[in-house]
Amino acid sequence: MAELGNCPQCGDIYVLNNIRDVCLKCYKQEEADFEKVYQFIRKKQNRTAQMDEVVEATGVERTLIYKFIKKGRIKLVQFPNLGYPCAKCGTIIREGKLCQSCLTGIQNDLKLVEKEGKSKREIEERNKSAYRVLDKR
């Protein structure tokens, strides 16, 4: 049996599927909005437009344009001044989920946790060795 869910845009109930993440009505609106955005940015004079210019000219919400970019419907290679926010800090990026700064911070945190884990294991090993020596007496 098909699974039902509420549309995150309008709240209507719809059949969940792998093709769309919104109901049919909202999907049709998203497609119309995509056409507006794409028709605007594909014009030669608009290819270097900033996000604010695209939003103002098309009336399409910034978050929906980000969605088009993340899903690969708008290729950033062709539009040098567009991007989407880093999942952690919100800095505008052009690839991946995190900006370089956040990625470096997370990697450093992981190294620190790994180092702390090694230290704990070494301490536990030393304690086990000390107990073995005491047990032999």
Less than 16 Å apart at the alpha-carbon level, and either on another chain or at least 8 residues along: which aspartates and glutamates does that give for Lys75?
Glu35, Glu95
Point-charge dipole on Cβ atoms (K/R +1, D/E -1) for the chain, about Cα centre, debye to 20
720 debye
Gaussian network model of the chain, Cα springs within a sub-10 Å range: biggest mean-square fluctuation belongs to which of Cys102, Cys86, Cys23?
Cys23
Once both axes come from the Cα atoms, what is the angle between helix 24-41 and the longest principal axis of the chain, in degrees from 0 to 90, rounded to 10?
80 degrees
Amide H contacts under 5 Å for Ile93, placed H, 5+ residues apart
Tyr84, Cys86
Pairs of alpha-carbon atoms within less than 8 angstrom and 6+ residues apart define the contacts here; what relative contact order does region 35-137 have, in percent?
16 percent
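The numbers here are math on the coordinates, done by the rules we state, and not lab data. These numbers were taken from a predicted model, which means no experiment stands behind them. Virtual Cβ from ideal backbone geometry, glycine too; neighbours counted across all protein chains shown.
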